[in-house]
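Asker: I am attaching a structure below and will ask some questions about it afterwards.
Every number in this text was worked out from the coordinates using simple rules, so none of it is lab data. The model shown is predicted, which means the values in this text are computed figures rather than measured ones. So basically every Cβ, Gly included, is an ideal-geometry build from the backbone, and we count neighbours across all protein chains shown.
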């Protein structure tokens, strides 16, 4: 098991997670405001993020790059590819299903992290944790079953969101290992850079998806996605994951479904009122993951 103990963090990882959750919650509503294809949105989100990182590294140029073992470098590249796949599949899901369904299903990632941790890190969940996973799966079924009445596109959107959850779970499991060795800015430079290249290649190979030619409003969305959900959101989680286990950090992200749903309901350009079954399914997912984390037992011990 990777150790996350060390010197005191310069910024509280819990504060970083609060900021990260608030920032990531704006991603789904922002995507709904863009007209560009999902691949283009995903690519430019990462490209602008890499530009921000390059500016930071230019200011901090006195700090050299660490030497990486070949295996660690390959893992970082794999994390970037998974991140690219996550963004594409998740952004595409928002086009086919509701914001509430997309963000709730992708938020299954904490218990998916538990599954991947058991397989790849030797961290096996307890019976209580598996029971929590079962409750969360029931919640996901409630969300998906309701979309049967909406037709095949809604189900496709749910499937894409669930696939995005698996991809980001793998990304965080790899990050849990590498962040113990790599400083934040070097880590995200490699991972975000690989993700940007992968998405750029996908755009080049996909007919009907252009690099340029989008309206001004879309470019503001690209920048907003990079500055908020990416640099404050994902980077905030990547910061915290050095000091807090990935499983715990992912649990903090459970605030995203409710916040994103409320934002989509509040924004005049969307005004997406969440159906009752989506809220019910979301609550079941949150309850299941809370149970699976062992939070109640820790509270009982004081």
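Asker: Full extension from residue 118 to residue 283: what is 0.36 nm times the residue separation minus their Cα-Cα distance, to one decimal in nm? Intermediate values should be presented prior to the final figure.
Answerer: Values: separation 165, 0.36 × 165 = 59.40 nm, distance 2.54 nm.
Length gained, residue 118 through residue 283: 56.9 nm.
Asker: As an exercise, use a Förster radius of 30 Å and the Cβ-Cβ distance of residue 210 and residue 159 to find the FRET efficiency, rounded to the nearest 0.05.
Answerer: Given R0 = 30 Å and the Cβ-Cβ separation, E is 0.70.
Asker: Using a Förster distance of 45 Å, how high is the FRET efficiency between residue 201 and residue 126, based on the Cβ-Cβ distance and rounded to 0.05?
Answerer: Computed FRET efficiency for residue 201 and residue 126 comes out at 0.60.
Asker: Then there is this: If packing is taken as the average number of other Cβ atoms within 10 Å across a peptide's residues, how do 167-174, 214-221, 20-27 rank, most packed first?
Answerer: Per-residue Cβ counts within 10 Å, averaged per peptide and sorted highest first, yield 167-174, 20-27, 214-221.
Asker: Determine the gain in length on full extension of the stretch residue 185-residue 265; use 0.36 nm per residue of separation and subtract their C-alpha separation, reporting nm with one decimal.
Answerer: On the way: separation 80, 0.36 × 80 = 28.80 nm, distance 3.48 nm.
Length difference between fully extended and current span is 25.3 nm.
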